[in-house]
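Notes for the one structure printed next.
The values are calculated or read from the model by the stated rules, or taken from the named source; none is laboratory data. Everything numeric here is computed off the predicted structure, so don't read it as measured data. All Cβ positions, glycine included, derive from the backbone under ideal geometry; neighbour counts span all protein chains shown. Only protein heavy atoms, including side chains, enter the accessible area calculation; ligands, DNA and RNA are left aside. Shrake-Rupley method; radii C 1.70, N 1.55, O 1.52, S 1.80 Å.
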Amino acid sequence: MNTIDLVLWVIAPYTCIAVFAVGHYWRYRYDQFGWTTLSSQLRESRLLRWGSPLFHFGILAVIGGHVVGLFIPKSWTAAVGITDEMYHVGAVGMGLVAGVATVTGLVLLIIRRRLVGPVFRVTSRMDKAMYLALGLVILTGMINTVHGNIIGHYDYRDGVAVWMRGLFVFDLHPELMAKAPLSFQAHTVAAYLLFALWPFTRLVHVFSAPVAYLWRPYLPYRSRDTGFGGRRERRGWERIDGSTR
Amino acid sequence: MRVMAQMAMVMNLDKCIGCHTCSVTCKQTWTNRAGMEYAWFNNVETRPGQGYPRTYEDQEKWKGGWTRHPNGRLSLKAGGRLKNLATIFANPVMPSIQDYYEPWTYDYRMLTNAPLQEHTPVARPKSLISGKDMRITWSANWDDNLAGGPELATQDPVLRKMSEKVKLEFEQSFMFYLPRICEHCLNPACAAACPSGAIYKRSEDGIVLVDQDKCRGWRKCVTACPYKKIYFNHKTGKAEKCTFCYPRIEVGMPTVCSETCVGRLRYLGLVFYDADKVLEAASVEDEHDLLDAQRDLVLDPNDPEVVRAAESEGISRDWIEAAQRSPIWQLIHRFRVALPLHPEYRTMPMVWYVPPLSPVVDSVAQTGFDGEDGDNLFAAIESLRIPVEYLAELFTAGDPAPVTEALRRLAAMRSYMRDVNLGRENPDASVAEAVGMSVEDVHDMHRLLALAKYEDRYVIPAAHTEQAHRLEAIATGCSLDGEGGPGMGGPGSSGGKVGLGMPRLRPGSKR
Ligand code: SF4
Ligand code: SF4
C-alpha cells in the first residue's frame, strides 16, 4: 500500500464524509431559507415533465440497488438461498433499466438546462458543478454496469463493497480498492467528491423527502410568532423576561 | 363548539372603479422583488374575463380545490396523498409563467445612452424571464374593461358554464370588476397539499401563511389553490402568498389594499366560527347548500353561548367586543348581502363580496326608465336573468336565489334612501318590508355601505403577545403533533418558531 492509495481510499473518503456531515448540519442550522428544490418548472414545464420523473425514479432505484449491493454482504444473500448467478442477473437487469431511465432523464434535464434560455439564466455556478459531478458519477456507474458485468467481470461485492463497509467500522482495506478496475476507482472517487459537494448544492432537498405527508393532519394550525421578526435571539441578546424559544 | 377567530374581508363590488390602486400598493409592499415580478397578491379582474392566471376558474383543467366523493369524504381535486407524492418530481398541472404572463422591464438606458441619431431612441421591452427582447402579448389585466372584445371574454370559464344564448346577450349587457386576494380559507386546499407542512393557519386570527423556512419548493400548493393565489418565487424556490398584511393587522391597522382602496369598498373585521363544524360544512352534498353551510359556520358574536364558548377558548374580552362590532357578521348575516366567491370549491373562503347592482341599474337606465326606482329595479332583477345567472356562477355555485335576494335588498336600499334623501314626507317603508328588512335595517345597511368611516369599516383588535402562549395550549392539533411526532407543523412541533412571510435575503447572495 503506498501513499497514493492511503490518500485516495482512506483520507479523502473520510474527509468527504466529514464535509458531508458537518456541511449538512451547518446548512440546516443556518440556511433553512436556502433549503429548497429550486424548481424551475414555472419557467419550463414540457421537458421537465419527462426528464424529471425519469431521472428521479431512476436514481431512486439506483440508490436502492447500491444500498443492497454495498451494504448487504454476500454471505447474507447466500444464506437466504440467492445464488451468485441469480443475484447477478437480477442486479444487471434492474440496474440497466434504472440506469437507462436515470441517464435519459439526466440528459433531458441537462439539455433543458443548457438550451432553454429562461432556465439557463437561473443556473448558478454551483448548479453547474453539481451537474458535472452528478454526470460523472452516473457515467462511470453506467460504464461499471456494462463493463464490469457484461463485457468483463469484476465482483464488486468482494471488493468495493467490503472496502466501503469497512470505512464505517474502521476496518480499512485500501488494498481492495487499489486492485479494483480503473472505472470502479473513478466511480468511487467521483461519488465521494459528489458527497463533499452535496451540502452546498440544491441536492440537500433529498433529505426533505416529505414522507410524513402521508399521515400528517391536513390543516396545520400554528400560533402567532411572539418573537421579534421571527428570528431566534442571538446569544447574549436574549430578551429580559428570560423566555427561551 | 370550538370557537376560533378569523380575520375576514368583505368587498362591496358596486363601488369598485377598477383603478388597480390596491394591486399596485400591494405590489410595492410585498412583491416588488426578483422572482415575484409576475405575482399579484391582489389583482383586479374585469368580468366577464379570463382572470389571472388565465382561466384559473376552470377546475377541470387546473384541478384546484376539493372534490366530494359519494361517501361524503373530501379529497384534493388534484389527487390524494399518495398521488400527490407520486407526482412530486414534476407537477402535472402547474400553470406556466405564460399562463400568468411573462414579466418585463424596459431597456431604459437606451433613452439616455443612445448616440445622437436621426430617430428618437426607443426603450424596448425586455423579458425578465429570458432576458431577451420580447413582444408583450398578455399581462395580469390584459383584458381590462373587456379589452380584446368577445374573443377573449368568451373564454371566461364562468361564462362558458352558461348557456349559448346568454353568452351572446351578455356581451352587450354588463361588466364589473372583481378584486381578488387570498381567501384565507377555513378549509384551505393549499395547506392540505403542502408536502412539507409549511403552510399553516394561525390559530389566533386564521391568517394562512407559508413558513419560508419550511417550504421546500414542491409546488403542490400552487395547483391545490383553486383561486391560484399561491405564487412560486422562481428566484428563491419558495412559495409565497398574500399575508393579509399580518404585521399591520397585528397592530390594529388595515391591510394595504384596504387602506389604499379608492372606492373605500373593503371591510375588515373579526368573525367567530366553529372549527369543529368546518369539515362537515365543506362536505355537504348539494353544491347549492354550501353557501348556507358556510354562512352557518360564522357564529353570532352577540349570542351569549358563543361568547361563553369564545371565552373558554381563551379569546380575550377586547377581541370578543371587536367581533361584536365587526361589519363582517352584519353584512353576512344581518343584511345577508355578502356572498363568498366560488363556494363550490369547498375551501370555505373568508373574503366575501357584496354583488354589484350597478349592471342592473345601468341597463334599466339605458332603456330610458328611472334606474333608481324600486319597482323598476325589482322588475329588472327578475327579468335580467343574465347578470344574475353570471353572478350566481361566481358566488353561489349557480343558485340564483341568494344573488337575487342580495340584489333586491340593495335595490330596496337605494330606492328607500332616495326617498329619504330627497326629503319626501313619507318614505315608502313597504319597499324595505318587501325584501324582509326593517326600516332600521335599511338605515344601518346604508350607513355601513355608503357612509361608514374608517373605524367602522376596519374593526381590527390589536394582537396580544401574552395570548399566543395561552392559545398554543388549546387542542387545535392532533396527538401526532407532539415533540418527535410526525405531525409536522402542528403547534409545538417547531418550538413555536414561525418564519416571516417575507424572505430574508442574505446580502450578497446570488440566488
Ligand atoms: S385562497 Fe388562500 S387559503 Fe384558500 S386555498 Fe388559496 S392560498 Fe390557500
Ligand atoms: S383600489 Fe378599490 S376601487 Fe380601486 S381597483 Fe382596488 S378595490 Fe377597486
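At the nearest 100 Å², what buried accessible area, both sides summed, do you get for B and A when the probe is 1.4 Å?
Approximately 6000 Å², summed over both chains.
For a distance above 24 Å, tell me the whole-number percent of Cα pairs in chain A that qualify.
Of all Cα-Cα distances in chain A, 59 percent exceed 24 Å.
Ignoring everything except DSSP H segments at least 4 long, calculate the 222 nm mean residue ellipticity for chain A; use -39,500 (n - 2.57) per segment, divide by total residues, nearest 500.
Taking each H run of at least 4 residues, the total per residue is -18500 deg cm²/dmol.
Excluding same-chain residues fewer than 8 positions from A:K74, which lysines have a Cα within less than 30 Å of its Cα?
Partners within reach: A:K179.
Once you order the gyration tensor axes a ≥ b ≥ c over the Cα atoms, which shape class does segment B:121-165 get: rounded for a/c under 1.5, otherwise prolate or oblate by comparing a/b with b/c?
Values: a/c = 4.47, a/b = 2.78, b/c = 1.61.
Since a/c reaches 1.5 and a/b is larger than b/c, the shape of segment B:121-165 is classed as prolate.
How big is segment A:9-109 by Rg and Dmax over its Cα atoms, in Å?
Rg then Dmax for segment A:9-109, in Å: 18.4, 52.
Among the helices of chain A (complete DSSP H runs), which have Cα atoms covering no less than 20 Å along the helix axis and a Kyte-Doolittle mean of at least 0.0? Present the calculation step by step, with values, prior to reporting the outcome.
Details: long enough: A:12-30 (26 Å, 0.14); A:46-71 (38 Å, 1.16); A:84-115 (44 Å, 1.06); A:125-143 (27 Å, 1.21); A:182-197 (22 Å, 1.42).
Both cut-offs are met by A:12-30, A:46-71, A:84-115, A:125-143, A:182-197.
Calculate what fraction, in whole %, of the accessible area of chain B sits on carbon and sulfur atoms when a 1.4 Å probe is rolled over the protein chains.
Roughly 53 percent, rounded to a whole number.
Quick one: in the protein assembly as shown, what % of C-alpha pairs are over 53 Å apart?
Summing the P(r) of the protein assembly as shown above 53 Å gives 22 percent of all pairs.
How much area per residue is accessible in the protein assembly as shown when the probe is 1.4 Å and only protein heavy atoms are counted (Å²)?
Roughly 44 Å² per residue, with all protein chains present.
Let me check something: with ligands and nucleic acids excluded, how do B:K27, B:K77, B:K132 order by accessible area (1.4 Å probe), largest to smallest?
Solvent-accessible surface, decreasing: B:K132, B:K77, B:K27.
From a point 7 Å beyond the Cα of A:L6 in the direction of its Cβ, which residues of segment A:156-172 have a backbone N at a distance under 11 Å?
Counting only backbone N, you get no residues.
Would you mind checking B:K15/B:K453; B:K214/B:K241; B:K27/B:K241; B:K132/B:K241; B:K77/B:K228 for any pair whose Cα atoms are more than 18 angstrom apart?
The answer is B:K132/B:K241.
Could you name every residue in segment A:5-49 that has 20 Å² or more less accessible surface in the full protein assembly than in its own chain alone (probe 1.4 Å, ligands and nucleic acids excluded)?
Hits at the 20 Å² cut-off: A:D31, A:Q32, A:F33, A:W35, A:T36, A:T37, A:L38, A:S39, A:Q41, A:L42, A:R43, A:R49.
Remind me, what semi-axes does segment B:355-449 give for its equivalent ellipsoid, largest first in whole Å, using sqrt of 5 times each Cα gyration tensor eigenvalue?
Calculated on Cα positions only, the semi-axes equal 23, 16, 10 Å.
Give me the log10 of I(q) over I(0) for chain B at q = 0.06, 0.07, 0.14 Å⁻¹, as the Debye formula computes it from C-alpha points; what are the numbers?
Once normalised to I(0) and log-transformed, intensities are -0.29, -0.40, -1.55.
Suppose accessible area is computed on protein heavy atoms with a 1.4 Å probe; arrange B:M1, B:M350, B:M253 from highest to lowest.
Working: B:M1 105, B:M350 5, B:M253 80 Å².
From most exposed to least exposed: B:M1, B:M253, B:M350.
For segment B:169-272, build the charge dipole from Cβ charges (+1 Lys, Arg; -1 Asp, Glu) around the Cα centre, then report which of B:P179, B:G269, B:P226 sits farthest towards its positive end.
B:P226
Test of the criteria: in segment B:373-451, which GluC sites (Glu not before Pro) are in a DSSP loop and have at most 12 other Cβ atoms within 10 angstrom of their Cβ?
Counting only loop positions with at most 12 other Cβ atoms within 10 Å, the GluC sites (Glu not before Pro) in segment B:373-451 are B:E425.
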